[in-house]
1. Accessible area per residue of the chain at 1.4 Å probe, in Å²?
2. Long-range amide H contacts for L249: which residues qualify at under 5 Å (H placed 1.01 Å from N, peptide plane, sequence gap of 5 or more or a different chain)?
3. Using the alpha-carbon atoms, what tilt in degrees (0 to 90, nearest 10) does helix 385-404 show relative to the longest principal axis of the chain?
4. At 1.4 Å probe size, with the rest of the protein present, what percent of the exposed accessible area of region 100-215 is carbon and sulfur atoms?
5. Return, ordered by residue number, the residues of region 159-176 whose backbone nitrogen is under 19 Å from a label point located 7 Å along Cα→Cβ of S143.
6. Which ³J(HN,Hα) values in Hz, rounded to whole numbers, follow from the phi angles of region 335-344 under the Karplus curve 6.51 cos²θ - 1.76 cosθ + 1.60, where θ = phi - 60° and Gly and Pro get x?
7. Of all beta bridges DSSP finds with both residues in the chain, what is the antiparallel percent, to the nearest 5?
8. Below 8 Å between Cα atoms, with a sequence gap of 6+, how large is the relative contact order for the chain in percent?
Amino acid sequence: MLRFVFVVFLLCSMAGCNSGERGAGDTQLTADQAWDALTTWPNPPGRSENETELEYFLRIVELSAQRRRERGFEFWSRFPDDPRRYSWLLLAVAIPPTYPTDIETWVRLAADPRMASIADVDNDAIVDWDTRYEGLRSQFLASTNVDAEAKRFLKAAELREAVTRLHQRRQSGQEFNVDAVLDAYEAFFAEYGEPFRELDRDAYSRLISSLWNDVVLDLSGAFAWDTRSFSRYLDRIEATGNRRLSLPLPRPGSPGETLPSLVDTLRLSMDRNGELPLMMRQSTPEHRESLDEIEKLWERLPRRPISLSVSYEGQVAQHHAFQVYARKLRDYGVLLWQNQLVSSEKVLAKWLHDTLYAPPTYAVDFVGGLHHRVRVDPADLVRDGRAIKVWKKNFELLIGQIRSADIDSDLLWLQEAIVFEKVLVTAPYSWRSYRDKSEVYDALSEVERLFTEYSDVEKTVYWANKIVRDPDSLGLSIDELEGFVSRLYERSPSQLSQPKSVLESLIAVRKVPFELKGTTIDNEPFDLTSYRGKIVLLEHWSTSCAACIADMPRLKRISERFARDGFEVVSIVYDWERNRRRVLRIKDELSLDWTTVIGDEQYEEISNKYGFKGFPQYMLLRRDGTLFASTAEIGDIDNLENMLPELLRLGNGQVALWKVTTQ
């Protein structure tokens, strides 16, 4: 959706170019320069002497949202024929500013969970935006340059902003109209009662479910509903005919069986208990008032955001919401812990678990990082090393306190979170940014702790296998990798033999050409040996994999770019017999012209041999058919564009398997 308009911006963003603080309306700027000035902020205001890390972060978040809107107005008026202005409008609505009358007071209150009140909002600024936005919205919805998914996303983002404003008015004691917001949600569910097409099904389901959570959780505190009035609203929603909300849901893993619809699930809960569902009762002001002071503080920790769109703009907005959530979650918890406002080490461990699974990026350039992160490995972002060191120090104190406490529960779940953060975030960043392996070795030790202290064979094997399959991200040589696997194997050869076998097989399997024979979906015989002499990407997928389908347009573009150089894509679909109609619709809607092989009967053999589970999976083969890189080494599908020129130039791609990158 609208991806073509981002090409110039993405190239500029990744190169780190900027145009200072010249405005988008500067008459000397070209459209590309104005767009760059709009979507980056190379010189934001510095942190003041008395600001905390979180206060400064939230100030930049608010100022950047206001700045995005103001500069976008200039871009819109100066470049009426540039379709990027529609992308700007989506982002301006999906990432709304708060418009506080006094930003310093607002930041101070927003950064401290102990503060129950909120700062006043500048209603004049909101009215000014609404007035100017009305005409832009009409042009957006009428434009033939905007697809149906983008128009749906805009309306969904409007609903989300309406909920935010409603809460602001309620909390500040101003009048607010809940019924108008409820009516708007009902109208949206009626207008978008089903997905646009087959490829839209997964994105549509997530969108409707996310908005329904707004109704049930975010808005329930303002409803003052009883069971009768809520039941009437459920009747209204069911009458919209929205397929996601009113039709039975398929039971996962049980073809032909169904679960109650989302509406009926809530009805059944009320019928059983004679009151509103528990999750709604826990969202009311009355429930929060019944909590003790410590519980009230922890209730103010933010809830993880849910995406409204899988589009580029949707990903940027989701990353923005997630970063605000992650920073608040982490810094709120540290503040409560440092002020001894945590009721127990068990509660502290639960918070630490949550923040480890939701690590902030600490990007130095927050605004540019929003766009950069969508297309680039997060380990490649330029990060605030000082903030990371502060967190590392706090983490060491936190985990020491938790491990030394007498907690009446197994902390395996916390150890798994520690391994997740170390292996996927801290260690890769330390290695890529500073060529420092101390965090890498620490990550390996935490994996070993899963077995030595918690006797969890399954998780130990899982993480060991993950490291074995992607040693590049940690800068591990073959010798280091073999040493790590050998230490695990020596502790219990019978239980921990799998990582050793995986390592041996992955090294050995790369020396043997990939063999694949079968039948294509066009009922033609297929033999991969006919592709010898070409660089081949094997795409393993199924129709239930939304990420696989989302990658296909980019893969098609890459395939067309390098086709003359001897690059081919071969697709292997593993649910042809069950979903052949959907396979054909996907192929037709995306105009895919490469060969698709039926892999239903070969999944177990291939996945066991090459050590992968789930989709998407990619295998990049040399001209002789041997494996050059797998999914973990390729990373984002766009990285193929960086790998292919070297591979094609070297003929048979004789590049070291686990090479050290010095860029």
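The values are calculated or read from the model by the stated rules, or taken from the named source; none is laboratory data. Note that the coordinates shown come from a computational prediction; the quantities given were computed from them, not determined experimentally. So basically every Cβ, Gly included, is an ideal-geometry build from the backbone, and we count neighbours across all protein chains shown. Each accessible area value is taken on the protein alone, full model and side chains, heavy atoms only, with ligands, DNA and RNA left out. Shrake-Rupley method; radii C 1.70, N 1.55, O 1.52, S 1.80 Å.
1. On the way: 30690 Å² over 663 residues.
Per-residue value: 46 Å².
2. Under 5 Å from the amide H of L249: L259, S261.
3. Around 90 degrees separate the two axes.
4. Summing carbon and sulfur atoms, their accessible area is 46 percent of the total for region 100-215.
5. What the label zone holds, given the 19 Å backbone N cut-off, is 159.
6. With the stated coefficients, region 335-344 comes to 4, 5, 5, 5, 9, 6, 10, 9, 5, 6 Hz.
7. Taking every DSSP beta bridge with both residues in the chain, the antiparallel ones total about 60 percent.
8. On the way: 764 pairs, mean separation 60.8, N = 663.
Answer for the chain is 9 percent.
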